[in-house]
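One structure is given below, encoded as structure tokens.
Coordinate-derived values only; no laboratory data. All values derive from a computational prediction rather than experimental measurement. Counting neighbours? That spans all protein chains shown, and the Cβs are built from the backbone with ideal geometry, glycine included.
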Amino acid sequence: MTVDRMSPLDASFLHMEDNVSHMHIGSVAVFAGPPPPFAEVRSMLRGKLALVPRYRQVARFVPFDLGRPVWVDDEHFNLEYHLRHTALPSPGSEEQLRLLVARLMGLQLDRARPLWEMWMVEGLEDDKWVLVSKVHHAIVDGVSGAELLSIIMDLSPEPSPPVPDHWEPEPGPSSLQLATQAISDMARSPYEQLRAVRAALRVPRHAVAQLSEVLHGVRSMSNLTQQTPQSTLNGPIGPHRRYAWTDVTVSQIKHIREHVGGTFNDVVLAAITGGFRDLLLARGESVDRVVRTLVPVSVRPRDASGVAVGDGVQENRVSGMFADLPIELTDPVERLLAVSAQMDGLKDSKQAMAGEALTSLTGFAPPLLLALGGRIMARAPQRSLNTVTTNVPGPQLPLYCRGRLMEKAYGYVPLMGHIRVGIAIFSYNGDLTFGVTGDYDTTDDIEVLCRGIERSMQDLLDLADAAVRREARAAAAPRPRAKPKAKKAAAAQSRATASASNKRRAAG
């Protein structure tokens, strides 16, 4: 018997979860109306389930944590449980939608069922409708989550035909079989790991160079041992959530990048830095500090431009870097330059590679210790990390559901431990959105953070526009005229030349 065992990182997301830290990611997709009949949406989703096997599987835990959890088919899978239908009360404002999303995201997914839900929401103003999606982080990271969004949508207004589906659930293993398989895997795993090490050592120079990069990355993480100043950004959280969003265009960010400086991600982080500065100032807190954020980094394959792309594997392929957002700086250009210099240093430090290597090494740890470590880390009071800012590049072309255009898409990032605010950045079809998650009990002011992001972005846009005007004035300015003395000398030289020429003609 073989089982589909979770990776160490995927398993850690299950172990970190408790009754207040709900480890599902999500999205809020807004469509142009009129909304299609709910039966059509259900039929569309049913016709795509064959492309996402995890959506019909449940997580099974191994007795006594002898092994990492496994995925098994849900013998009682019921699509009607996972796809749900609701509507906003009149007038169907964005604020009402945000309240609904916050309530839905504050509910933990049922572990006895496949770990996802989707809600069709009608009644949004201007005849729009919404799909709210929740998927457990044990199934997908941000990039593969965007990939799933692409799978269930269409690339044209013409709905695609359903995928042939002959799925029948396979009987799940018994608890005894799970324990036996886990013991067998435990005995075999060290051999497999050592065999991989021996293979790497056959090319020692490559192995040594890679090890050196990983160690360099580990050393660069030493700042995590330093606690940041006490702040309302950290502390115990409750089970309920708040949710807000704001958005800009991709072209605006490129405009800033071209005329002010930094990379695309640098501009995004600089705007977020300004947002946190405004948030703490509004709370009467000192900004003579940094806000340390986890910046998840995909370690999936990348395209020619360096953007992470999906690879069809529905498990987490993610590492992370830790950046200090310089909220103490008042000047938006200084903030952008400081963020840019730091991100360049973090890339050189190989933090993401070190994080990936350390995560993969958890495969050596007994699953019982891995489970225990995850739970302890989620509960331990800490101020080494203040927030998380995850940036996912979504599809840059229009998507449709039952012929309706998806106009906007907002991401949702979960909260865990003692982190009270998180930001999910998502790009789609020329727009870039910031979905802000807050703890309900302690962050009733996340709109201040959203407005701060908007203000910081506008400051940078104004500076970019000013740079364009300066460049235009410089290009249109007339060429400098010759100085008067130079003009007189040139005229005298011309007269002398003409006089000499006349004398030669007269002599001839």
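Within segment 240-270, the set of residues being part of a helix (DSSP H, G or I), acidic (Asp, Glu) and under 27 Å from Met416 (Cα atoms) comprises just one member, Asp266. When the residues of segment 175-184 are filtered to those that are in contact with a helix residue (DSSP H, G or I) (Cβ under 9 Å, 6 or more places away or on another chain) and surrounded by fewer than 14 Cβ atoms within 10 Å (Cβ to Cβ), the one that is nearest to Val72 (Cα to Cα) is Ser175.
Of all residue pairs spaced 6 or more apart or on separate chains, none has beta-carbon atoms under 6 Å together with a first member in segment 168-185 that is in a loop (DSSP other than H, G, I, E, B) and a second member that is exposed (fewer than 10 other Cβ atoms within 10 Å of the Cβ). His85 meets each of the listed conditions (1) farther than 28 Å from Gly33 by Cα; (2) touching a helix residue (DSSP H, G or I) at 6+ places or on another chain (Cβ under 6 Å) apart from (1).
For Gln108, the conditions (1) without any contact (Cβ under 8 Å) to a residue 24 or more places away in the chain; (2) part of a loop (DSSP other than H, G, I, E, B) all hold with the exception of (1). Residues considered: Arg98, Arg111, Arg42. Of these, the only one that is charged (D, E, K, R), in contact with a strand residue (DSSP E or B) (Cβ under 6 Å, 6 or more places away or on another chain) and closer than 25 Å to Tyr243 by Cα is Arg98. Among the residues making up segment 398-455, those that are of a type in the set (S, T, N, Q), more than 26 Å from Gly47 (Cβ to Cβ) and part of a loop (DSSP other than H, G, I, E, B) are Thr442, Thr443.
Scanning segment 1-39 for residues that are part of a loop (DSSP other than H, G, I, E, B), hydroxyl-bearing (Ser, Thr, Tyr) and in contact with a Leu (Cβ under 7 Å, 6 or more places away or on another chain) turns up just one, Ser21.
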